[in-house]
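Below: the structure, in structure tokens.
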Amino acid sequence: MPLSHGIPGDLQREVSGEAFQSFFEQSLRCDEGLAPFPTSAALLEFLHAPSEEYARKDAALCALLRTFQAGGPQRPGVGALLLLALWPGLAAIARSKRGPAREPEELWAEVYWAFLETAWRFPVARRTSRVAQNLKLDTLHRLGDVEADRAKEQQAVAGLLRAAERTGEVAVSSSSLDPAALAEEAETAARRGAFAQALARACERAVAEGLISDLDRHLIVATRLYGQNLKALAELRGVAYEMAKKRRQRAEAVLRRLLGPQVEP
């Protein structure tokens, strides 16, 4: 199965609906950069064509970015249009990150969210040339941050497991304190239920005592036990990604204290 299986079709359906097409024709085309294109399909055809009309392509992408950053009910459609516009480059980035230990769906999710976060923060007013190349480079840099976050998450899971092991909640077979090895132990323990139950009990106690909120508990359980993507979950709950990450870190510090006061951060 190709890495990008099904994704372009899903994005095409997002932008081909009657509501989004009406929005494109009546609102987006008011921007000078998009005025020449009667439909989103015509815009994508122009952006993907091997022409040297770089200034027009930059103007069109800047117009999309401004609309995406402005928000509004059609923002998901504009995001999908941006993804389709940069799809060849994003697919190449995803292929370059493939490895034997990476699930294709997980890898694409990381590329997807890294790009949308890049688009959200892109300084349109200052960087009006080579927009496509800059978006791809910034996405690559943000993926590097995601990979660093993954290493920190492994250490966080390892800390929770170590705390549970010290209080007898979970029996750890390995004496190694290597974060990657402990994270693997945590996944094994979660599958057999012991670690999941210990963490769930700690979450319930923390909520009952007012130490963490229901949102904090949701962030912990959904991402640590069920493997949901934190960026996707933050978007669903209407919380900024950086805020969700900080809330989860604070909640995990509380849980480490409940599971085992001697645990290292």
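Numerical summary
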item	result
Cβ pairs under 9 Å, 6+ apart, first in the range 93-118 and outside the structural domain of residue 70 (by TED's automatic domain parsing), second modelled with pLDDT of 80 or more and surrounded by fewer than 13 Cβ atoms within 10 Å (Cβ to Cβ)	none
Residue among 222, 202 that alone is under 29 Å from residue 71 (Cβ atoms), surrounded by 15 or more Cβ atoms within 10 Å (Cβ to Cβ) and either among the small types (Gly, Ala, Ser) or in contact with a strand residue (DSSP E or B) (Cβ under 9 Å, 6 or more places away or on another chain) (or both)	222
Restricting the range 83-100 to residues that are outside any helix (DSSP H, G or I) and touching a helix residue (DSSP H, G or I) at 6+ places or on another chain (Cβ under 7 Å), the residue that is modelled with the highest pLDDT	86
Residue among 65, 43 that is more than 24 Å from the chain's Cα centre (by Cα) and either outside the structural domain of residue 117 (by TED's automatic domain parsing) or buried (at least 18 other Cβ atoms within 10 Å of the Cβ) (or both)	43
Residue 37 without any contact (Cβ under 8 Å) to a residue 40 or more places away in the chain, among the hydrophobic types (A, V, I, L, M, F, W, C) and in contact with a Leu (Cβ under 6 Å, 6 or more places away or on another chain)	yes
Residues being surrounded by 13 or more Cβ atoms within 10 Å (Cβ to Cβ) and either among the polar types (S, T, N, Q) or without any contact (Cβ under 8 Å) to a residue 24 or more places away in the chain (or both) - total across the range 46-60	2
Residue in the range 107-124 that is part of a helix (DSSP H, G or I), surrounded by 14 or more Cβ atoms within 10 Å (Cβ to Cβ), β-branched (Val, Ile, Thr) and at pLDDT 85 or above present	yes
Residue 22 vs. criteria at pLDDT 85 or above and touching a Leu at 6+ places or on another chain (Cβ under 7 Å)	no
Per-region count, the range 68-79, residues surrounded by fewer than 21 Cβ atoms within 10 Å (Cβ to Cβ) and either closer than 15 Å to residue 10 by Cβ or without any contact (Cβ under 8 Å) to a residue 40 or more places away in the chain (or both)	6
Within the range 178-265, helices (runs of 4 or more DSSP H) holding 1 or more residues that are modelled with pLDDT of 85 or more and in contact with an Asp or Glu (Cβ under 6 Å, 6 or more places away or on another chain)	241-259
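The values are calculated or read from the model by the stated rules, or taken from the named source; none is laboratory data. This structure is a prediction, so every number in the text was calculated from the model and none was measured. All Cβ positions, glycine included, derive from the backbone under ideal geometry; neighbour counts span all protein chains shown.
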